[in-house]
Amino acid sequence: MPRFGLHILVILLTVFPVIGAASVAFTQTAAVGAPQQISRIRQVIVQGNQRLEAGTVQSYLLLGPGDPFDPQLIDLSLKTLFATGLFADISIQEQNGALLIAVVENPIINRVIFEGNRALKEDKLRDEIQAQPRAIFTRARVQSDVQRIIELYRVSGRFAATVTPKIAEQPQNRVDLIFEIAEGPVTDVRRINFVGNVIFSDSELRRLLVTEESRWWKLLTSNDNYDPSRLEFDRDLLRRYYGDRGYADFRVVSSVAELTPDRKDFYITFTIDEGVRYRFGEVTVETELDALDTDFLRRLVPIKTGALYKNQKIEDSIDSLTFVAGATGYAFVEVRPERTRNREERTVDVKFQMNEGPRVYLERIEVVGNTRTVDRVIRREIQLVEGDAFNRALLDRSRNLIRRLGFFSDVEITEQPGSKPDRAVIQVKVEEQPTGELTFGAGFSSVDAFLLDVSVSERNFRGRGQSLRLAVSASSRRQSIDIRFTEPKFLGRNISAGIDLFNVRSDFLREASFATNTFGGGVRLGLPLTSNSSLFLSYTLRNDTISAPQQVQLDLFGNPVFDANGDLALSCTASAQICSQIGSRLTSLVGFSLRWDRRNDPIQPTRGFDASFSQDFAGFGGDVRFLRSQVTANAYRGLIKDFILSAHMEAGYITGWGGDDVRINDRFFKGGTSFRGFDVAGLGPRIVELVSDGQGGTIEVPRDALGGKAFAIGSVELAFPLGLPEEFGVKGALFTEFGTLGLLDENDRIVGDITRFVVRDDFILRASAGVSIFWDSPFGPVRFDFSNIFEQASFDDVRTFRFSQVRRF
């Protein structure tokens with residue numbers, strides 16, 4: 001015997017049921033064979049118990065001291081004890097007037113061990129089985145776990161997997177439970193066949209399915225492994241596909257998976273019945289809801305008589321009618337479509353029957369899942385309170401508002417019946433996600449060259465919804481330090497307030513021969529006007545310093561010149577337009593912004609639009625006077641799965657007042673990320689140099705960009721998947737951009753040497769189109785832009801390829 005008295009007895013559990021059955025049969029025989037004369041129990045004796053108290057065992061008996069020996073009650077007591085799952089064997093018999101209970105306790109599981117598992121991680125297996133350390137060992141539970149493990153391997157495509165359970169006995173009636181796993185090879189799908197299809201070919205139907213035929217190059221996907229649950233989903237995909245193309249009678253007769261003799265692959269055969277093509281006939285809406293008008297409801301149904309029959313149209317109609325009913329205060333309303341086929345005319349009449357439900361009020365709102373965020377941060381975004389009438393529209397808006405906070409990876413709002421028929425309980429279930437960031441970022445782009453970024457931010461400071469950010473970033477073109485704090489509910493009211501401190505240095509020496517250094521601070525206020533619109537007010541005080549390349553002045557003999565203070569005299573080497581801007585100015589800026597947001601989702605919109613209009617007025621103190629106005633708008637439309645069409649428009653105008661011209665750092669510069677196909681500051685007014693071509697003519701060489709007082713830019717983009725596995729994280733987009741930038745003050749059009757330089761300010765159309773590739777790489781999101789220029793000015797600076805990487809990873 002090994003040390004400490006440990007010994008290992010390997011028992012194949014498949015023989016356990018036989019032993020158990022023999023024990024029960026013996027016990028029942030003993031009970032039936034008890035004396036027939038009436039005798040009473042003097043005492044109850046429990047033997048064999050180790051962990052359990054004798055009183056615990058006796059508590060499950062249906063008879064006790066003083067009761068007669070009743071064979072039926074003894075038999076029921078035996079079954080009750082077995083039903084507890086605490087015992088491996090039990091016998092009950094009479095002995096000299098005593099009721100003797102002999103038990104063999106089920107052991108306690110000491111450890112659960114997996115051997116031979118490579119394809120599935122141990123954590124995944126542990127999450128799926130019932131057996132756990134310190135739990136009671138039972139044969140039934142182990143057999144159930146074996147089947148569950150085998151099912152997991154089948155889902156992963158390993159149908160030859162086997163699991164053998166074993167036990168290793170330990171002291172104190174404990175056992176180690178061991179699952180020996182033989183995984184076997186992956187079972188692939190060799191071929192997918194269709195029987196009965198006439199309208200669509202096999203190849204067309206195969207492209208619809210999630211299950212794929214196995215090929216040697218499909219190394220990073222498991223969809224070519226056979227999975228019965230995936231096969232059921234494929235059946236549903238076929239029904240949807242045919243149902244959205246007019247085939248109302250379509251059905252999948254059968255889907256059969258046949259294992260090859262070598263047990264390595266499956267042949268899958270779908271037998272289908274396509275039926276004939278239908279169109280929509282008469283469409284009506286009937287309802288008993290007093291607050292709703294049937295004519296109004298019919299106009300909400302997006303189905304036209306004579307249109308091709310589509311199941312999705314019916315689903316959309318149900319959603320629209322349910323939404324309207326919920327917005328009117330009817331919860332749990334049932335919209336039931338009744339389809340009537342006219343086979344001769346090949347039309348389908350649809351009647352939407354809306355069953356009346358009671359008007360429902362909110363009894364209680366429950367918030368669950370928030371382990372860090374305090375309740376009131378979530379509740380203040382909910383547009384309803386206890387006692388309000390149920391309103392589906394406001395609940396949907398509440399979900400979007402909570403998601404817009406950015407504190408949660410998932411937000412789900414469900415309604416449940418309350419204590420009375422006209423009461424409902426709303427449960428808001430959230431899943432917290434990290435909101436604090438300590439970011440060290442690096443990257444490279446064709447626009448900014450190197451990128452460095454260090455930031456500390458907390459979007460949910462102390463769980464109260466406050467935002468605090470300290471960021472330091474640097475690139476070859478821009479360096480900045482930014483500190484921001486935002487309180488979304490200032491003084492407990494629905495008003496946001498914030499304070500900003502910043503220092504930004506921007507380098508446009510290559511494009512426009514100047515650089516700026518800006519430092520200052522500001523305060524912000526924001527308040528909602530309606531459920532979809534907001535007003536933001538701001539005040540900023542900043543100091544702007546403009547510098548340009550300079551050189552030491554020389555006299556006629558080439559010696560440096562000194563000024564009256566004894567310092568070297570410097571002269572600006574840039575154009576007169578740039579040199580006139582050199583120096584520091586204090587800007588006192590008051591502004592507002594109006595925003596209107598009707599997107600269906602604040603993070604990944606697929607329909608809806610948003611728009612904003614802002615104005616900034618400089619001149620309440622400071623050295624600078626101007627009025628700047630800007631407007632932006634975006635629209636989104638989901639076409640088919642993962643295909644999203646979007647349109648963007650932006651325009652702005654700035655003008656000086658009180659005799660001031662607009663400084664170069666306050667003008668608009670576009671290009672790079674703001675207009676694909678053109679370099680940073682690549683379009684708009686520019687100084688050009690007139691250079692002789694050697695043949696009596698001149699050519700224009702672009703020099704410094706001057707920016708413009710007005711611009712208008714629009715773009716249209718179609719985002720789409722590239723057909724690669726989702727884990728690659730690669731998507732694409734087709735785009736076109738068009739717009740213009742121009743207008744300068746008269747003083748900025750004047751040049752010193754008109755024979756050598758000229759200012760070009762042609763307010764003409766520019767246009768480009770191209771392809772963008774987005775890659776969510778391990779080092780952070782990367783973007784490639786390939787552009788083709790259709791319209792441009794001769795002096796514009798174009799960039800047909802651009803590569804950029806996000807600053808964080």
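Just a few scattered comments:
- The stretch 184-212, subset open to solvent by 40 Å² or more (accessible area, probe 1.4 Å) and of a type in the set (V, I, T), residue modelled with the lowest pLDDT: V186
- Yes/no for T80 being within 27 Å of R174 (Cβ to Cβ), at pLDDT 85 or above and open to solvent by 20 Å² or more (accessible area, probe 1.4 Å): yes
- Of the residues making up the stretch 722-743, those that are touching a Gly at 6+ places or on another chain (Cβ under 7 Å) and open to solvent by less than 80 Å² (accessible area, probe 1.4 Å) are L722, F735, E737, G739, L741, G742, L743.
- Hey, V688 part of a loop (DSSP other than H, G, I, E, B), in contact (Cβ under 8 Å) with a residue 60 or more places away in the chain, buried (at least 16 other Cβ atoms within 10 Å of the Cβ) and not aromatic (F, W, Y) or not: no
- Residue check for T340: in a strand (DSSP E or B), in contact with a Gly (Cβ under 9 Å, 6 or more places away or on another chain) and of a type in the set (S, T, N, Q): yes
- A single entry from F675, F669 fulfils the requirement of being under 39 Å from the mean Cα position of the chain (by Cα), in contact (Cβ under 8 Å) with a residue 12 or more places away in the chain and open to solvent by 40 Å² or more (accessible area, probe 1.4 Å): F669.
- Selection from the stretch 95-106 of residues that are touching a strand residue (DSSP E or B) at 6+ places or on another chain (Cβ under 7 Å) and open to solvent by 20 Å² or more (accessible area, probe 1.4 Å): A102, V104
- Conditions (1) over 20 Å from A140 (Cβ atoms); (2) hydrophobic (A, V, I, L, M, F, W, C); (3) modelled with pLDDT under 85: number failed by V18: (1)
Quick grid of which residues meet (1) farther than 30 Å from D796 by Cβ; (2) open to solvent by 40 Å² or more (accessible area, probe 1.4 Å); (3) among the acidic types (D, E):
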residue	(1), (2), (3)
Q604	yes, yes, no
G608	yes, no, no
S612	no, no, no
Q615	no, yes, no
G619	yes, no, no
R637	yes, yes, no
F643	yes, yes, no
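- Here G406 passes the criteria (1) of a type in the set (G, A, S); (2) part of a loop (DSSP other than H, G, I, E, B); (3) within 23 Å of V324 (Cβ to Cβ) except the one numbered (3).
- Scope the stretch 651-704; condition among the β-branched types (V, I, T) and within 18 Å of I764 (Cβ to Cβ); matching residues: I687, V688
- Answer from A651, A719, A712 - the residue that is open to solvent by less than 30 Å² (accessible area, probe 1.4 Å) and under 26 Å from R598 (Cα atoms): A651
- Tally of residues being in contact with a helix residue (DSSP H, G or I) (Cβ under 8 Å, 6 or more places away or on another chain) and open to solvent by less than 50 Å² (accessible area, probe 1.4 Å) across the stretch 50-77: 6
- So G697, is it under 20 Å from F803 (Cβ atoms), at pLDDT below 85 and not hydroxyl-bearing (S, T, Y): no
- Residues of the stretch 776-798 classified as within 22 Å of S473 (Cβ to Cβ) and either touching a helix residue (DSSP H, G or I) at 6+ places or on another chain (Cβ under 9 Å) or modelled with pLDDT under 85 (or both), total: 8
The values are calculated or read from the model by the stated rules, or taken from the named source; none is laboratory data. Treat the numbers as computed from the prediction; the structure is a model and nothing was measured. Note: ideal-geometry Cβ built from the backbone for every residue, glycine included; neighbour counts use all protein chains shown. These area figures cover heavy atoms from the full protein model, side chains too; ligands, DNA and RNA do not enter into them. Shrake-Rupley method; radii C 1.70, N 1.55, O 1.52, S 1.80 Å.
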